[in-house]
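Bear in mind these aren't lab numbers, they're just calculated from the coordinates by the rules spelled out. Every value quoted in this text rests on a predicted model; they were computed, and no experiment measured them. No Cβ is skipped: glycine too gets one built from the backbone with ideal geometry, and neighbour counts run over all protein chains shown.
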Amino acid sequence: MTLRLFNTLSGQLDEVVPADGAELRMYACGPTVYDYGHIGNFRTFLQVDLLRRTLRLFGTRVRHVMNITDVDDKIIRNAAAAGVPISEYTPRFEQAFLDDLASLAVERPEILTRATEHIPQMVSLVERLAARNAAYRTDDGNWYFRLSAFPEYGKLSKKDLDGMTDGARVDVDEYERDSARDFALWKATPPGETGWETAIGRGRPGWHLECSAMAMEFLGESFDLHAGGEDLMFPHHENEIAQSESATGKTFARHWFHVRFLLVNGRKMSKSEGNFFTLRDLLLRGYKASAIRLALISVPYRHQLNFTFDGLDEATSAIDRLRTFAARLRSADLPAGSSLACMAAAARAEEEFRDALAGDLNTAEARAAVFEMVREGNIALDAGQLRSNDRDAMLRVLDDFDAVFAVIADHDAEPTRAAIEWARASGRLDEVAPELLAAQTLTDAEVEARIEERNQARRQRNFRRSDEIRDELASLGILIEDSRDGVRWKRK
RNA sequence: GGCGCGGUACCCAAGUGGUAAGGGAGAGGUCUGCAAAACCUUUAUGCGUCGGUUCGAUCCCGACCCGCGCCUCCA
């Protein structure tokens, strides 16, 4: 199966296939590690994860490179404010970021790469550009890219810069850029400030240079796909294209994948709006990692997603439904054989699920296909018409669904536990939902013991006592469900 | 101002030129010591407004209204 994906560069749906016929080489812009990641960041990384998981489901091998930007103005400023060198400042947030990705079940890219470890590659890129007269050094030691050296500039973001550049250029200060639109490749820094001594002078990389250098380092001068948030389209990706293609004369990335920003309560997320959430904020409020993941991937990547707490509740319920169905399938005692209707339901779900993903990663439709099968499966189960082969077929659909969505398999305890641990360590315990904290006061074994106590009371038909225990556990955020196959419980 | 996206039931959200997926919530029911959970059923004569094209439009065209994003650090 082949994925058809919107390509910002071509402006249409293009098939995503490896140019070398073997391995899909993709580069995704990673985080600048100056703070904890927020849900907007994670929507993008989650959608990239969805992309790579879908490719793999379709049988495509992936070599996915993600950079960690560990030097830039914000980092330098924040580290200075914290009174630590950046080499001490960034690892903390890099680790937090990677932990957050793991919490959200985001697969690790094949290659993670840091900007500060590729200074030589960046320097040689500048030298190549200089040799082609596409880069120049100003008297203050900065290096700029000469936009006029790249006539195709604007082809990604569809900007026509002709009228915007410098038609009215009069006297350009000798210390300034030749054109206001020329962008910095390398920023000169005085001794004492973060910088590297290199052949092109002392300084540090401009923002765009690292991505070009590292993408080429690990994927070659020309590769299959480049991903990032919509804001990166201009100027970041446009500049990457300009500097890369000017240096190599080759197409940089063939396919460009951009994820739209999310809104929170209908507005752009910002600290001043009071609608700014990190992953950790949400975990501490008691939302499960799986629910956050599902909420962030259920709206297709090209649409704005309006993130709300209602949406998280919806995702929580939806996951419960899926998990309950999966558990029900697994534990059901079924006769051998298969039924035509159930096999057909599974086959249809599988086909629709794959088709939906193949059509520009339509997660909403893919989800719907599986939920339809869930309903059909439940009906068959209730009617005693589901047979063991049907079960296997439906479980396979759920497996494929989870290979991409990754929300049915329950790994929610660890992220929540880790978030509480982190809150404890960083003096933020007051941000933890009381119920969540309460639920942590009992170990699983202790909960089981209380439940056994209640079971005993129930056997003696001492329902007053039994309800007492149930209420007590409920106040600790532990929900009890009596079922035919015994008592199930879960932490809220 | 330039570029772009969207307005579908109480909420979220797919979708197609031929009569509206899915999830959540609500209601009813099954089950249950009770409850919860689970499961089933049910919920848009209508898809921002007004015109047009068409045998037929939510889907195509035009105008308008509203919301949003990018154009500057930003995923």
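Below, the figures for the structure above:
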{"item": "Mean Cβ count within 10 Å, highest first, over the residues of peptides A:304-310, A:332-338, A:38-44", "result": "A:38-44, A:304-310, A:332-338"}
{"item": "Spacing of the two label points (7 Å from each Cα toward its C-beta) at A:R459 and A:D231, in nm", "result": "6.1 nm"}
{"item": "Cα pair distances in the stretch A:3-154, grouped into 5 Å bins until the bin that holds the longest one, percent each", "result": "2, 7, 13, 15, 15, 16, 15, 11, 5, 1, 0"}
{"item": "Whole-percent pair-distance distribution, where bins are 5 Å wide, for the alpha carbons of the stretch A:433-491", "result": "5, 19, 31, 25, 13, 5, 1, 0"}
{"item": "Cβ-based exposure ranking for A:I200, A:I111, in which fewest neighbours within 10 Å come first", "result": "A:I111, A:I200"}
{"item": "Principal axis box of chain A, alpha-carbon based, largest edge first, Å", "result": "93, 54, 35"}
{"item": "Along each principal axis, Cα extent of the stretch A:102-163, largest first, Å", "result": "46, 31, 20"}
{"item": "Cross-link reach list, lysines versus A:K288, counting only Cα pairs under 20 Å and skipping chain neighbours closer than eight places", "result": "A:K490, A:K492"}
{"item": "Rg followed by Dmax, in Å, when the stretch A:267-405 is reduced to its Cα trace", "result": "17.4, 61"}
{"item": "Relative packing of peptides A:148-154, A:102-108 - highest average C-beta neighbours within 10 Å first", "result": "A:102-108, A:148-154"}
{"item": "Ratio of the Cα radius of gyration of the stretch A:4-259 to 2.2 N^0.38 Å, where N counts its residues", "result": "1.02"}
{"item": "Euclidean distance between Cα centres, the stretch A:208-252 to the stretch A:96-121, Å", "result": "18 Å"}
{"item": "Förster-model FRET efficiency, 51 Å R0, A:E117 and A:E431, C-beta, rounded to 0.05", "result": "0.90"}
{"item": "Selection from A:V259, A:A341, A:T44 lying farthest towards where the dipole of chain A points positive, charges on Cβ", "result": "A:A341"}
{"item": "Two-decimal Rg to Rh for the stretch A:266-338 - Kirkwood Rh, Cα set", "result": "1.17"}
{"item": "Cα gyration tensor shape of the stretch A:215-263, rounded if a/c is under 1.5, else prolate or oblate by comparing a/b with b/c", "result": "prolate"}
{"item": "Least to most buried among A:D390, A:D320, A:D224, A:D139 (fewest other Cβ within 10 Å first)", "result": "A:D139, A:D320, A:D224, A:D390"}
{"item": "Antiparallel DSSP beta bridges within the stretch A:4-259, percent to nearest 5", "result": "45 percent"}
